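The numbers here are math on the coordinates, done by the rules we state, and not lab data. Please read all numbers here as calculations on a predicted model, not as lab measurements. Cβ sites come from the backbone with ideal geometry, for glycine too, and all protein chains shown count toward neighbours.
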């Protein structure tokens, strides 16, 4: 197989529209995957854009106690605040710009609900939840909880109109502070109108962009269609860089995600993502028996 | 490539799988996922007929 030129710019493989659905106790999400069109994006299992939703006092809802096993959940907030509690004893309030990287591993029960401030006063909730798969040998690792407030998550910008928050990986010479089990890039870019940026993404990584707001082109080919809000842009693995350009008249905000594919058999049911059907059935049995844990504080 | 793949309309590298219990060296699983358009974060009830 011919080696890939790491200086080459990746082409766009295709674009997927996200679907709108309801999660937890009834909050709206935009979901590029899993959908009927795209069930996963190895090593990523799910991406949900929560909101943006404006709640009146007393209206906001979240996802009360529920389990996970076999992967990691990553929550990144843009607006509003969520309260997290889990069966390992962790507690946190996630505010705009903060990131929570929770390795469920062998199993965690957690709750993700609007903070008291949002519940009492109302307000906007907007954020992301990403599920990152774990390889078979790490699916039953002990749970791990990492939480970083906004001022501890590195950001960088340049004079060309590019701003980036580095959740995982590297951009504009700035490195993430979060430890990941698998090699992952997770970047939130905002490009001003007319701005363009080349970002290194190793060719062996699967990579995509998810547009939050604005319009942009994600290839150097000017015939490539522009993408907008709610679009997932899938990159081919034919290069080691991706090119993003704001083609609109307002800021282009998007996530750029990449990861080394795990390439393993997968069996999933709801919040359990394992390698075999038997392992999923065991997870459900363990949860029903209380062996995954309970939140008791 | 089977009919499911063709329906997806992706240019390449999509794999349609007989189930979500799969072995693949491709980036995508193209299987229609039973739980794709519903609440799945807390889907813990044992279904009568679990689809894999």
note = In degrees, nearest 10, the alpha-carbon axis of helix A:277-288 is tilted away from the dominant principal axis of the alpha carbons of chain A by 50
ask   = Over the Cα atoms of segment A:165-255, what Rg and Dmax result, in angstrom?
value = 12.8, 39
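Using the number of other C-beta atoms within 10 angstrom as an exposure proxy, rank A:210, A:287 with the fewest first. Walk me through the numbers on the way to the answer.
Numbers: A:210 25, A:287 21.
In increasing order of surrounding Cβ atoms, one gets A:287, A:210.
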message = Below 8 Å between Cα atoms, with a sequence gap of 6+, how large is the relative contact order for segment A:20-288 in percent?
response = 17
inquiry  = Given axes a ≥ b ≥ c from the Cα gyration tensor, I'd like to know whether segment A:175-222 is rounded (a/c under 1.5), prolate (a/b larger than b/c) or oblate.
reply    = prolate
inquiry  = Just checking the output field for A:30-37: average partner chain Cβ neighbours within 10 Å of each residue's Cβ?
reply    = 5
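Using just the helices of chain A, give the 222 nm mean residue ellipticity in deg cm²/dmol: DSSP H runs with n ≥ 4 each add -39,500 (n - 2.57), and the total is spread over all residues, rounded to 500. If you can, show how the numbers build up before the last one.
Details: 2 runs with 18 residues, N = 297.
Rounded to the nearest 500, it is -1500 deg cm²/dmol.
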Residues A:166, A:177 arranged by fewest to most Cβ contacts within 10 Å = A:177, A:166
query = Taking the C-alpha atoms of segment A:104-256, how large are the radius of gyration and the largest Cα-Cα span, Dmax, in Å?
reply = 17.3, 50
task = From other protein chains only, count the Cβ atoms within 10 Å of every residue's Cβ in A:39-52, then give the mean.
result = 3
ask   = Can you pull the semi-axes for segment A:27-98, root of five times each eigenvalue of the Cα gyration tensor, sorted largest first, whole Å?
value = 22, 18, 12
ask   = When a footprinting reagent is the concern and you count Cβ atoms within 10 Å, what order do A:38, A:45 take, fewest first?
value = A:45, A:38
query = Once you average over the residues of A:268-279, how many Cβ atoms of partner chains fall within 10 Å of each Cβ?
reply = 4
ask   = For all pairs of alpha-carbon atoms in chain A, what percent lies in each bin of width 10 Å, listed from the first bin to the last filled one?
value = 6, 28, 36, 22, 7, 1
query = Cα-based Rg (one decimal) and Dmax (whole number) for segment A:1-148, in Å?
reply = 17.0, 59
